[in-house]
Amino acid sequence: MLKEGRCSWPTMATDVFGGERVLAFDLETTGVSTQYDRVVQLALIGANAEGEEIHYEKLVNPRRPIPSGASRVHGIYDHDVRSLGDFSVVAEEVAELIEGAIIVGHNVRKFDMAMLESEYLRLGKRAPKPKAIMDTYELVRRLKIGRPHGLGAQCTRHGIALENAHTAAADAAASMLLFWRLSVDHAPAFRKSIEEIERWAVHGNVSAESSDLGRGLSDLTPVDALGKIRIDDGHMVLAFGRHKGRHLSEVQFEDPRYIQWLLSPKGIEDDDARQQVKAYLEQVESP
């Protein structure tokens with residue numbers, strides 16, 4: 001179901017989303033494995049760049065029995081989806097909505113987007129790539145807001161009514177309202193570009209101190225959207241993790257298993273950036 005009208009979302013503390021397609025995203029699934037479980041319900045709720053409301057909500061057939069434990073959580077049973085098409089039926093519509101959009105959700109980076117990528121891989125297709133991900137789970141942790149960090153608990157803490165919890169549309173809408181509340185209560189942290197907010201949520205404040213490579217890492221040009229890899233005088237440098245501040249070529253020689261992980265979607269999420277890093281490492285390997 002796709003509805004359009006004027007969006008009534010509250011105004012953010014800053015105009016960080018101005019002129020962007022912004023969609024709260026949530027999935028309900030057969031389980032918690034992003035690799036093996038399947039989508040049974042999805043919702044994308046928000047507005048396009050002109051401020052017109054988007055409400056897309058679908059049930060899909062996972063082509064496998066829904067475990068009773070999962071059904072008790074989200075209230076979706078086999079008989080609810082038996083006559084419906086599987087994810088392939090909605091894949092194109094979902095890709096059109098997510099591609100280039102700002103996606104908002106709670107634990108959306110590690111769960112919902114990872115689950116979605118698996119669904120597209122099963123179809124032999126590339127998963128859609130959002131412009132940025134505003135993960136409210138990452139944000140509440142970065143802002144050092146007290147536990148528990150789950151969506152329900154954070155909504156209660158911030159005075160947000162979460163009705164029909166564990167339905168995709170309700171959870172998506174709640175995560176958008178939580179983002180708004182965070183942007184109001186912690187406005188200085190959101191006076192940045194979309195890209196800067198996302199990097200800060202994932203990595204925190206990058207130290208301005210100079211490394212043994214010369215300039216501070218924050219001064220270097222990022223290769224990927226999150227700034228995990230940066231360019232220093234033609235060399236690729238790690239800007240996070242246990243090898244932070246070191247050339248990739250050095251790490252490849254000393255810790256090849258780390259590089260193998262880095263080149264997976266769990267390491268660098270950006271497909272284009274992964275290809276750039278692979279090409280760079282192949283170049284420095286060759287005589």
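Taken over the range 136-169, the criterion of being in a helix (DSSP H, G or I) and either hydrophobic (A, V, I, L, M, F, W, C) or in contact (Cβ under 8 Å) with a residue 40 or more places away in the chain (or both) is satisfied by 136, 138, 139, 140, 142, 151, 153, 154, 155, 168, 169. Within the range 111-122, restricting attention to residues that are among the charged types (D, E, K, R) and in contact (Cβ under 8 Å) with a residue 60 or more places away in the chain, the residue that is farthest from residue 154 (Cα to Cα) is 119. Among the residues of the range 153-177, those identified as more than 21 Å from residue 40 (Cα to Cα) and more than 19 Å from the chain's Cα centre (by Cα) are 153, 155, 156, 157, 158, 159, 160, 161. For residue 94, the stated conditions do not hold, so it cannot be described as surrounded by fewer than 14 Cβ atoms within 10 Å (Cβ to Cβ) and β-branched (Val, Ile, Thr). Against the test of being among the small types (Gly, Ala, Ser) and either at pLDDT below 85 or surrounded by 13 or more Cβ atoms within 10 Å (Cβ to Cβ) (or both), the options 216, 159 yield a single qualifying residue, 216. The residues in the range 54-99 that are of a type in the set (A, V, I, L, M) and free of Cβ contacts under 8 Å to residues at least 40 places away in the same chain can be counted, and the count is 7. Filtering 127, 189 for residues that are under 20 Å from the mean Cα position of the chain (by Cα), in the same structural domain as residue 91 (by TED's automatic domain parsing), more than 28 Å from residue 35 (Cβ to Cβ) and hydrophobic (A, V, I, L, M, F, W, C) leaves a single hit, 189. Against the conditions (1) closer than 23 Å to residue 48 by Cα; (2) part of a helix (DSSP H, G or I), residue 133 satisfies every one except (2). Counting only helices (runs of 4 or more DSSP H) that sit completely within the range 215-287, those holding 1 or more residues that are within 27 Å of residue 112 (Cα to Cα) correspond to 256-262, 271-285.
To keep it simple, each residue is scored yes or no on (1) surrounded by 14 or more Cβ atoms within 10 Å (Cβ to Cβ); (2) at pLDDT 85 or above; (3) in contact with a helix residue (DSSP H, G or I) (Cβ under 9 Å, 6 or more places away or on another chain).
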position	(1), (2), (3)
226	yes, no, yes
229	yes, yes, yes
252	yes, yes, yes
255	yes, yes, no
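The set of residues in the range 268-287 that are at pLDDT 90 or above and farther than 15 Å from residue 222 by Cα comprises 278, 279, 281.
Here residue 59 does not qualify as more than 19 Å from residue 268 (Cα to Cα), buried (at least 22 other Cβ atoms within 10 Å of the Cβ) and touching a strand residue (DSSP E or B) at 6+ places or on another chain (Cβ under 6 Å). In this structure, residue 193 does not satisfy being over 19 Å from residue 108 (Cα atoms), out of contact with any Cys (no Cβ under 6 Å at 6 or more places or on another chain), modelled with pLDDT under 85 and small (Gly, Ala, Ser).
Being more than 30 Å from residue 34 (Cα to Cα), out of contact with any Leu (no Cβ under 9 Å at 6 or more places or on another chain) and modelled with pLDDT under 85: is that true of residue 245 here? The answer is no for residue 245.
The values are calculated or read from the model by the stated rules, or taken from the named source; none is laboratory data. In this text, all values refer to a predicted model and were calculated from it rather than measured experimentally. Cβ sites come from the backbone with ideal geometry, for glycine too, and all protein chains shown count toward neighbours.
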